[in-house]
1. Once Lys and Arg get +1 and Asp and Glu get -1 on their Cβ, which of B:LEU544, B:GLN187, B:THR83 lies farthest toward the positive end of the dipole of the protein assembly as shown?
2. Along the Cα→Cβ direction, 7 angstrom out, place labels at B:ARG414 and B:GLN187. What is the inter-label distance in nm?
3. Counting only other residues whose beta carbon sits under 11 Å from that of B:MET151, what net charge do I get with K and R as +1, D and E as -1?
4. Near B:LYS572, which lysines are there with a Cα under 22 Å away, not counting those fewer than 8 places off in the same chain?
5. In this model, which of B:LYS79/B:LYS134; B:LYS415/B:LYS494; B:LYS469/B:LYS600 are farther than 21 Å apart at the alpha-carbon?
6. Within the set of other residues whose C-beta is less than 12 Å from the C-beta of B:ALA268, count the net charge using Lys and Arg as +1 and Asp and Glu as -1.
7. Counting only other chains, and only Cβ atoms inside 10 Å, what mean value do you get across the residues of B:327-334?
8. Normalising by the residue count of chain B, find the relative contact order in percent from Cα pairs under 8 Å and 6+ residues apart.
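The values are calculated or read from the model by the stated rules, or taken from the named source; none is laboratory data. Keep in mind that what you see is a predicted model, and the values were worked out from it rather than measured. As a convention, Cβ positions derive from the backbone with ideal geometry for all residues, glycine included, and neighbour counts pool all protein chains shown. Accessible surface is based on the protein model in full, side chains and every heavy atom, while ligands, DNA and RNA are left aside. Shrake-Rupley method; radii C 1.70, N 1.55, O 1.52, S 1.80 Å.
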Amino acid sequence: MRKLTFAVACCVFSAMLLRDPVEARLGAQSSDALTAPYETRDPGQRQYVRQGCYQCHGLVGQGSILSGPSLSPLRIDSDAFRRYVRNPKGAMPPYTKRVLADADLDSIEAFIRSLPPGRPYKTIPALARVGSSSDHAAEPQLSPSGRAIYQRHCAACHGESREGGIAPSLIGAGRKRDVAAIAALLANPPRGMPKLSPQPLTNKDVEAVARFVADVR
Amino acid sequence: MEDAKYLGRRSFIKASVLAGIATPTIPALAKRESTPAPSKVSPPGSAAATAENGAISEADDAPHLIHRPGSDFMVDLLKATDTRYVSAMAGSTFRGLHESIVNYGGNKAPELIVCVHEEISAGIAHGYAKVANKPMACLVHSTVGLLHASMAIYNAWCDRAPIMVIAGNGLDATKRRPGVEWVHSAQDLGALVREYIKYDDAPISLQHYAESYMRAHELSMTPPYEPVMIVADSELQEEEVDADIELRIPAPAPVSPPAAPPEAIDRAADILLAASAPLIVADRAARSQRGVELIVQLAEILGAPVIDRAGRLNMPTTHFLCQTSLQNTLIREADAIIGLELTDLWGTINSVPDVPGRPSRRVARPEAKVIGISTGYGYVRSVVQDAQRYFAADVAIAADAEASLPSLITAIDRKMSGAQREAVAAKKARLRSAYAEMRASDAAAAAIGWDASPISTARLSMEIWEQIKDLDWGLVSNHAFISSWPQRLWDFTKYHQYIGGEGGYGVGYGAPAAVGAALAHRDADRIAVAIQCDGDLMMLPGTLWTAAHHRIPLLMVMHNNRSWHQETMHLKRMAGRRDRDPHTWAVGTTITDPEIDFAKIAKGMGVYAEGPISKPAELKGALSRALAVVRSGQPALLDTLTQMR
């Protein structure tokens, strides 16, 4: 036993001697130390930080118009999520299995899905004032416009301006389908697209958003 | 008095002798052929004093006094152009002018704003000009001082902001002391910055100086506004002006800005009237509150939404036609787009995503008609590439937007049919609801992460807004770094409430420009607020000292994300695309290990400070304490730890 301890001690000691002093110094500037102030104990969160997701999507998935979309709430299912992170289409860097193992990606996804949803802005007085149309000379809206429904329910996948993203572009969708056909598609969506009607979109909403999408401009 | 000075010099020489330095007896000029040049720069001593002052003979009892130095006249010119401030870090090539500002001018209008780095001097002048709407002067030492200032001059040039740079220099080589004065002199000082100033001259007489100074001043304030530079020769500053020379201060003759010719206005009006979805995009279009009002008029008469690219404040964010957050959609839907003083018209119509191969594509509809009005059409430089990509507009007008808008609005009003007026009126309800939805969706986006720690940039912005909104305020920092939350959430209604950004994206602009802008706001009795990036403050932290020294009321709230955030994303993209180590992106892009304590830095410079504050609930109290300090006429800094963007 004592012999073994001694042997181990020797090994450790010689390893220390062998260690390249330059390497030892570089070790001081370790990537993990650099991101440590932003990490919590949650293993998914830690991966989310170390893999740099938070730099573009924010520590709580809030996103920014300048770096990456909000991931809170995540509006795509696990399949689409995995597909997207492995092979993103825009300015997001790809994450292969080599640099991000499936298990780690799963823990990142679990972390993202565990993020508390944003409070409704109307419960935050400062934001409620910004969002209230009466403050800003806008007339009250009876029902939300097709554009607004699109922004809320479709843009995450089809792009803010219908230019496409994780789902195909809808620019010129009206040439392929008329309003009724798009409404039908919403009721009976293709694989990879969530079912949004009759819930959360009412028939009226579906008609409005279909009209917006069909507009060929 | 004169006796005392004389004695002072005598005892100085005595001290030199005691220190073992040979007492000079022969005038240096007389010996110039035979005296070997010293091999290295010697410390100031009696030899140098003699070379500088001429021979001091025991017999000559009267001190050589300069009663009417040329630099007094240079101060007269600063006063004649109503220059209220001169920022400077002391330098010997302008010691004459420095002394004249303080003593002859009484250090009042212009007052010396003391800086610890010339980049700060120029940055302060940059920020000041955008609020005061006139240039202040920035005094720099030859070569080294100008080189330090050059970064900030470049920003101001890209940003079309006027600065009067006055650079000391000693042109007469025979008057230079050996050593340092040579490396602090240039034969053509303007060459160091000529590609990014509008005009420079190195006058050789005071009258020449006066005329070039006036011309420079006017050029700087003729759109495009730009920095200009006058070299103040040391000899010219320091020598006695002959009693028989009569110096004249040339009368200022402000130049009216170039306005679009009638036929171009006609074509532009026709295009805009023929469109069903016209769009206005403005960047540095407004130069004053009048410019803002004109853009509102143009938008209203056309029923056209406005995208404010925010090089200046162009459009009140409270107006329903201010629809910047909808820009991606608006560009795609418009059938006529008018760009007003855009930095980049091509980039407005097209896009280049940051993906391998950088494929560019037109975003606007192929048949959309495009009009550009900009003084940029007539003003480009070749060395630095701020011209952006070539774009063939349907109507391109080399004129100042603000000066051209009245005739454009009149032409549209004259040509507009009754049916066209009705169509515009019919669009209003839809445009109003698009605006309301945009505000609501910005508010909803701001709510995500509202309670997060570190503090979200939306929360930070709104906590500040809640405390300043009933004051007379101005935001003096670039809001782009915090996801443009102020632009999306605050009520901007006046031109002076926002001044745009760096111009040249040169980091280090933020702190000094905020202090310069705050100086101008102070004169107008307004509270200046800056949301200050950590990377930027680390460039020129000495700016804080100037703010404290001059009691400049400025509320600085840190956007401390402990990184050069843009670069973290670039590194991540590079490593991701190369399928390499996914963790190393933080090396060289983050400012952690150790974390910087900005409150300590600020306190060390004499600025009231609190922090680090990472909990959003603590913001309100800290902000109100800091604001109280600012309202009492002092700067204050809050180090707030924030989310990335």
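1. Value computed over the given set: B:LEU544.
2. With each label point 7 Å from Cα toward Cβ, the separation is 5.6 nm.
3. Summing Lys/Arg as +1 and Asp/Glu as -1 gives -3.
4. Straight-distance partners of B:LYS572: A:LYS89, A:LYS97.
5. Cα-Cα > 21 Å for B:LYS415/B:LYS494; B:LYS469/B:LYS600; rest within.
6. Net of charged neighbours comes to -1.
7. 4
8. Numbers: 1280 pairs, mean separation 78.4, N = 645.
Relative CO of chain B lands at 12 percent.
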